[in-house]
Structure formats: structure tokens, C-alpha cells
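Novice: Following this message is one structure expressed as C-alpha cells.
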Amino acid sequence: MSRSLAKDKLAPKELKEALYWQEAGEGKVQCFLCPRRCLIPLGQRGFCRARKNIKGKLYALTYGQPVAIHIDPVEKKPLFHVYPGTRSFSIATAGCNLRCKFCQNWEISQMDPETVKTVYVLPQDIVREAKQSGSKTIAFTYTEPVIFYEYMLDIAKLAKKEGIACVMHSAGFVNEEPLRQLSKYLTAANIDLKGFSDKYYSSFCEGNLTSVLNSLKVLKEEKVWVEVTNLIIPSANDSDEDIGNLCSWVKDNLGPDTPVHFSRFFPMYKLVDLSPTPLKTLIRAKEIAKKTGLHYVYIGNVPENLGEDTICPVCAKLLVKRAGYTILENNVIKGKCRFCGAKIPGAWD
């Protein structure tokens, strides 16, 4: 957590009324932020734990209450085609609108906001700190940014005025109208496309595939730079068919230049009895993606450099050489390959 912000928790003077809800009679309210459309009785919370019906109004409990503030390499998001080698001022709050059995941040994502240690930081302070830190971007990440939507939106609006780009790492489980509003202030998003069937989403995440695919289309339409991450879990979503269908959908709907990151699973949370993803599975996934026609395919969460480098799809020369989150070489000049001049999509300069 940023030193200047790492103070004891401060009580906010007032709660922030949520966006995207309406009264539903008998004191209930209905939330329209995400596809769950929770109908919330008086004094109760939505599925995400972060939005509460207080006296017939819906309030965002996470507004101004980050549980994590860090300065990361933008590559950690992971975003490989967005300002390589730059800093990203990264924040998160508690809560989530999914229940992924493999969540790596479950200690904060699956908790009520008041049960974890936070600091009270207003949007303008986040932007000021990000600017002073020399960060190129502000990242909404770690848990699920959708559940701190109002906070994220206010930060993004202020950041845009200050010339700081905003990026998001999200599961994409959000309704179209709020996503389109947010997109006006986003430069890039990495979306977790966790699997490629409703059965998988239902069994492992308590969500649905259709809503996530629609979010990806919306981001593309709104001209937000999109990268996709797929965590491959042994015996769950690792078949050739699953991987091939995912890659084909990305190519057909987002375009072959959309980066796809295949990420290695490690036993976590409720899936501690499974083994880590075999390296050969990740290599096979990359081969399937390339055969499908995707130009930029990466492998993550592995110690070896099996697939972190960016290669020009036209001349096959090395564009960006990476070692973990460190950039060793960058041959993308003003968005073009320095060797053949081919345009390399992304946010480079």
C-alpha cells in the first residue's frame, strides 16, 4: 500500500448512493449494475456484498475504501500491448459479484467490505498520488472492479482530466449500460474469459458466459483496447475443444490482433486438491490459438519464458522481449514494427 496512504482506517462522513438501481416496492430495491439484477430487501446486501439497501436506497459500501493500493508494472495486469515498462497505480476494494472456486485473492474478494482493513481515500487523492508516483496508468484490479463501480468511474473521470490513462482487469460480468458509460474513460481492459461454456461458468464461478461475451463486444465497440486472459484448469476447461472454441470466438468477434494470455493454474481456495496446469497444456493452448489465426498469444504464471515475448506477425522479428514483468527490449516505435513497419495494435506511446 502506498506509504502516504497507509494510515489507519478513517470513517467516511457519508455513504455514496449507488448508480443503476430503482425502488421495487415494500422497501426493496433492485440493482441493475450486473446481470444478477439483485432484488434487495431493507437492510440487506446484494450478492456482491458491496451494495446495501439502507432505508430504501441502494448505497455503495466500497466507495473510497480501497483494501489494496500498489504500484505495479502494467505487465502484471496483464496488459502486454499497453505502455510497456511503465508503472500502473493499482487499487482494489473488497467484494466480488462472482464466486470463483479458484480465486487467488479470495481473502479480500469473498469478504464483506467492513471485515477487511481499508483506508479512506477520495478519488482526487488517488489521482494525485498516481500522478506523483509517475504512474502512466491507474489500474482497477486484484478483485472485481465492477463492484466498486461508482468509485472507479469518479477516479477515471478525474484521471482523464489529468492526462492519466485508466485500465481495468475484470471478469466482465457487468450490464451493458454501465459498461458503456465507464468505457468512455478507459484506455484498456484485460477481461478474464474463464471458460467457454455456461456449464463451466455456472459450476466454477456462479456466473454465465453470455454476459461476459457481450461485455467483450461492448468494449470493442467502444474502442477500448482489449486483452483476454484464460486461466486453464486441468480437467475443467483444458480440452482442445474448449480452447479452440474460445480462440475462434475471439478471432471472429474481437479480431486476430486481440492478445490472449493463457495462464497457469495453481491449487487455490476451493480447488486445492487439483494439480497445477501442466506446461505442455499451456504450450498446446498456444499452438491451438496460433493455428486458429490469433497473432499475439502469451503464456503466464510460468517460471520459464515460454511465451512472454511479442513477435511481429508480419516479419516474425522480436518486438518486445520480457522477463517476468521486466522489459528487456522494445522494438515497437510509434505503434509500428521497427523492422518492417507493420502496425502493431495497442496503446504504445
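Novice: For the stretch 240-267, enumerate the residues that are part of a loop (DSSP other than H, G, I, E, B), surrounded by fewer than 18 Cβ atoms within 10 Å (Cβ to Cβ) and among the hydrophobic types (A, V, I, L, M, F, W, C). Can you show your working first?
Specialist: Of the residues in the stretch 240-267, the ones part of a loop (DSSP other than H, G, I, E, B) are 254-259, 265-267.
Those still in the list that are surrounded by fewer than 18 Cβ atoms within 10 Å (Cβ to Cβ) too: 255-257, 266-267.
Residue satisfying the conditions is 266 alone.
Novice: For the stretch 226-238, give me each residue that is surrounded by fewer than 21 Cβ atoms within 10 Å (Cβ to Cβ) and hydrophobic (A, V, I, L, M, F, W, C).
Specialist: Across the stretch 226-238, the qualifying residue is only 236.
Novice: Identify, from the list 92, 68, the residue that is surrounded by 22 or more Cβ atoms within 10 Å (Cβ to Cβ) and aliphatic (A, V, I, L, M). Steps first, answer last, please.
Specialist: On the way: 68 fails: surrounded by 22 or more Cβ atoms within 10 Å (Cβ to Cβ).
Exactly one of 92, 68 is surrounded by 22 or more Cβ atoms within 10 Å (Cβ to Cβ) and aliphatic (A, V, I, L, M), namely 92.
Novice: Is there any pair linking a residue in the stretch 256-275 that is closer than 30 Å to residue 291 by Cα and not assigned by TED's automatic domain parsing to the domain that holds residue 246 to one that is of a type outside the set (Asp, Glu) and modelled with pLDDT of 95 or more, with Cβ under 9 Å and at least six apart or on different chains, and which?
Specialist: none
Novice: Consider residue 291 carefully, then state whether it is modelled with pLDDT of 95 or more, closer than 26 Å to residue 238 by Cα, out of contact with any Phe, Trp or Tyr (no Cβ under 9 Å at 6 or more places or on another chain) and surrounded by fewer than 16 Cβ atoms within 10 Å (Cβ to Cβ). Reasoning before the result, please.
Specialist: Numbers: modelled with pLDDT of 95 or more: yes; closer than 26 Å to residue 238 by Cα: yes; out of contact with any Phe, Trp or Tyr (no Cβ under 9 Å at 6 or more places or on another chain): yes; surrounded by fewer than 16 Cβ atoms within 10 Å (Cβ to Cβ): yes.
Yes: the conditions hold for residue 291.
Novice: Next up: Would you confirm whether any residue within the stretch 171-179 is over 23 Å from residue 59 (Cα atoms), under 16 Å from the mean Cα position of the chain (by Cα) and not charged (D, E, K, R)? Quick ask: steps written out before the conclusion?
Specialist: Within the stretch 171-179, the first condition is being over 23 Å from residue 59 (Cα atoms), and the residues that meet it are none.
So far as the stretch 171-179 goes, no, none of its residues is over 23 Å from residue 59 (Cα atoms), under 16 Å from the mean Cα position of the chain (by Cα) and not charged (D, E, K, R).
Novice: List the strands (runs of 3 or more DSSP E) inside the stretch 10-65, counting only whole elements, that have at least 3 residues being of a type outside the set (A, V, I, L, M), surrounded by fewer than 24 Cβ atoms within 10 Å (Cβ to Cβ) and outside the structural domain of residue 94 (by TED's automatic domain parsing).
Specialist: Values: elements: 21-25, 28-31, 51-54, 57-60.
Per the criteria, 21-25.
Novice: Turning to a different aspect of this structure: Checking the conditions here, which among 139, 130, 188 is within 28 Å of residue 244 (Cα to Cα), in the same structural domain as residue 78 (by TED's automatic domain parsing) and modelled with pLDDT of 95 or more? Don't jump to the end; show me each part of the working.
Specialist: Values: 139 fails: within 28 Å of residue 244 (Cα to Cα); 130 fails: within 28 Å of residue 244 (Cα to Cα).
Just a single option satisfies the conditions, and that option is 188.
The values are calculated or read from the model by the stated rules, or taken from the named source; none is laboratory data. Everything quoted here is computed from the prediction, not taken from an experiment. Quick reminder, even Gly has a Cβ in these numbers, built from the backbone with ideal geometry, and neighbours come from all protein chains shown.
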